[in-house]
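Trainee: Below you will find the structure I want to go over with you.
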Amino acid sequence: MSGTPLQFRDPEQARAMSATLNRLVAQLDRPVAVMHVCGSHEQAIAKFGLRSTFPKALDVIMGPGCPVCVTDVPEVDEGVLLARQGLRIATYGDMLRVPGTVQSLADAQADGAKIDIIYGPKQAVEIARNTTEEVVLFASGFETTAVATAAVILDDPPPNFSVLSTHKYIPPVMEIVAEMPGSRIEGFLAAGHAAVITGSAVFEPFVERNRVPVVIAGFEPLDILAGLVELVELILAKTPKVVNAFPRCVTREGNLAAQEQLWRVFRPIGGRWRGIAHVPNGNLRLRDEFAHVDARKRFTIDLPSLWDFAPPALARQCICGDIMAGIRNPRDCRLFDRECVPENPIGACMVSNEGTCKIWHLYGGVPDLEASA
Amino acid sequence: MCLGVPGRVIDVREFIATVDFWGVRKDVSLAIVDEPVAPGDYILNHVGFAIRRIPPESVQETLALYELLLAMGDDGDLMTTDVRAEIEGTA
């Protein structure tokens, strides 16, 4: 698949946009790095060979945009422990093989635990309705997915249904990455479909505090190019602000009804993102009113009982965290495409279709421009 | 994934819509969409929930990327696989 030719709906426009991007970066006259925080953006960039059209001085880095990848080790452990207690765990397919301290959910399943792969939270509720067993939704994902979890919690689920929330909230982690020592990131490209829910306004306080521009972009190659043009223009003009380059989908306010449900059910708390850092307000947990649906409140989860085992030695060499922070890329990892491949992932970034390592494994990461031209 | 998938609404029963995604019909919750949705409308689906009603003037533009991805029809491709999984509910 790595040999896919460039396919644009409007090659003429793509060429013009690419020329503009090159001209703007030349005008800047220095290397510049920007970050996007969305696995689908990285997929599109890699799939359509966009990096081969970027100016050499422009580094477009994938940040912590893969929810499965940033689900922390102890969070996986919580799911594994509940599964080992005999509870049924319902979760998304790409969560299955994400390593915990000792086991992944797939390992627990191989040991006899009951794990159901679901496509959406409603399916987990359906499973609960059709059994007397306790069913726990291992709920991963960013705010877009958390809204769906909130909706099923508000829709009177059966008493044997509960939620282990590992949901994460994107805006706070952007602050962390922007403030990291040695961070070269001068602008962010935000994911269009997440902003459908939150609206572009969610990034305004971030821009105010960090003086770094944010551009919301769609997923077509042309959308991404247009977003980057906008972003480099803002960097050139030294005018940090939020620009919505995806107005056919995103409004300033976003979906207020969805936001109301999200914040009625969840509250942001600080917590670790795998490999990155403690992120203040980066985790979404159930509010106290929903303790009856909160697996952490309903069941005993004795994490230290798992930690009697030593973690696998290879995992300590994984640099997934640095990759998601934009400090290093998969090629800098000793394990990438050697010990660590999608069939046998060592780190979370090789598990999910949205992980930088898996995307680079499949599409080849930074293409050789001259060779593919 | 953060890519929602558009589909055409066939039928609406209170808070559930039957939606057609390139021939695959699925029930989609309308619990979080912020506008009234009627048969013939297009919505953007994420994990079984409509997160947006797509304005009629944006429908063709929105469909284009997905048509391209589905037409490529490569089973090993991540984007195509993710879109198919979202359509078929096999994520």
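Trainee: If you scan the stretch A:79-123, which residues turn out to be out of contact with any Phe, Trp or Tyr (no Cβ under 7 Å at 6 or more places or on another chain), part of a helix (DSSP H, G or I), small (G, A, S) and at pLDDT 95 or above?
Mentor: A:A83, A:A106, A:A108, A:A110
Trainee: Restricting to helices (runs of 4 or more DSSP H) lying wholly in the stretch A:212-316: which have 1 or more residues that are more than 15 Å from A:A191 (Cβ to Cβ) and within 14 Å of chain B (Cβ to nearest Cβ)?
Mentor: A:221-237, A:256-265
Trainee: Name the one entry in A:I127, A:I61, A:I118, A:I89 that is in contact with a strand residue (DSSP E or B) (Cβ under 6 Å, 6 or more places away or on another chain), of a type outside the set (S, T, Y), more than 14 Å from every other protein chain (Cβ to nearest Cβ) and over 30 Å from A:G326 (Cβ atoms).
Mentor: A:I89
Trainee: Starting from residues that are small (G, A, S) and farther than 17 Å from B:A85 by Cβ, keep the ones in the stretch A:105-143 and report whichever is farthest from the chain's Cα centre (by Cα).
Mentor: Among them, the one singled out is A:G112.
Trainee: Another question, then. Could you check A:V80 against (1) buried (at least 24 other Cβ atoms within 10 Å of the Cβ); (2) closer than 25 Å to A:R287 by Cβ; (3) more than 11 Å from chain B (Cβ to nearest Cβ) and say which number it fails?
Mentor: (2)
Trainee: Being buried (at least 22 other Cβ atoms within 10 Å of the Cβ) and either assigned to a strand (DSSP E or B) or of a type outside the set (D, E, K, R) (or both) is true for just one of B:R8, B:R52. Which residue is that?
Mentor: Testing whether each residue is buried (at least 22 other Cβ atoms within 10 Å of the Cβ) and either assigned to a strand (DSSP E or B) or of a type outside the set (D, E, K, R) (or both) leaves just B:R52.
Yes/no per residue for (1) at pLDDT below 95; (2) in contact with a Lys or Arg (Cβ under 6 Å, 6 or more places away or on another chain); (3) not β-branched (V, I, T):
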{"site": "A:V177", "(1), (2), (3)": "yes, no, no"}
{"site": "A:P181", "(1), (2), (3)": "yes, no, yes"}
{"site": "A:F188", "(1), (2), (3)": "no, no, yes"}
{"site": "A:A191", "(1), (2), (3)": "yes, no, yes"}
{"site": "A:V196", "(1), (2), (3)": "yes, yes, no"}
{"site": "A:F203", "(1), (2), (3)": "no, no, yes"}
{"site": "A:G218", "(1), (2), (3)": "yes, no, yes"}
{"site": "A:P221", "(1), (2), (3)": "yes, no, yes"}
{"site": "A:R248", "(1), (2), (3)": "yes, no, yes"}
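Trainee: If you don't mind, there's one more thing I want to ask. Would you mind telling me which numbered condition in (1) assigned to a helix (DSSP H, G or I); (2) away from every other protein chain (no Cβ under 14 Å) A:T132 fails?
Mentor: (1)
Trainee: Please indicate, with yes or no, whether at least one residue in the stretch A:156-169 is assigned to a helix (DSSP H, G or I) and either within 14 Å of another protein chain (Cβ to nearest Cβ) or more than 15 Å from A:A291 (Cβ to Cβ) (or both).
Mentor: No, every residue in the stretch A:156-169 fails to be assigned to a helix (DSSP H, G or I) and either within 14 Å of another protein chain (Cβ to nearest Cβ) or more than 15 Å from A:A291 (Cβ to Cβ) (or both).
Trainee: Right, here's the next one. Counting just the residues of the stretch A:170-200 that are in contact with a helix residue (DSSP H, G or I) (Cβ under 7 Å, 6 or more places away or on another chain) and of a type in the set (V, I, T), which one comes out farthest from the other protein chains (Cβ to nearest Cβ)?
Mentor: Only one residue tops the list, namely A:I185.
Trainee: May I ask you to list pairs of residues, at least six apart or on different chains, whose Cβ atoms are under 6 Å apart, with the first in the stretch B:65-86 being within 7 Å of chain A (Cβ to nearest Cβ) and within 21 Å of A:C249 (Cβ to Cβ) and the second being at pLDDT 80 or above and part of a helix (DSSP H, G or I)?
Mentor: That search, which allows pairs on different chains as well, returns B:M79/A:Q43; B:M79/A:K47; B:M79/B:L69.
The values are calculated or read from the model by the stated rules, or taken from the named source; none is laboratory data. Keep in mind that this is a model prediction, so the values were computed, not measured. Note: ideal-geometry Cβ built from the backbone for every residue, glycine included; neighbour counts use all protein chains shown.
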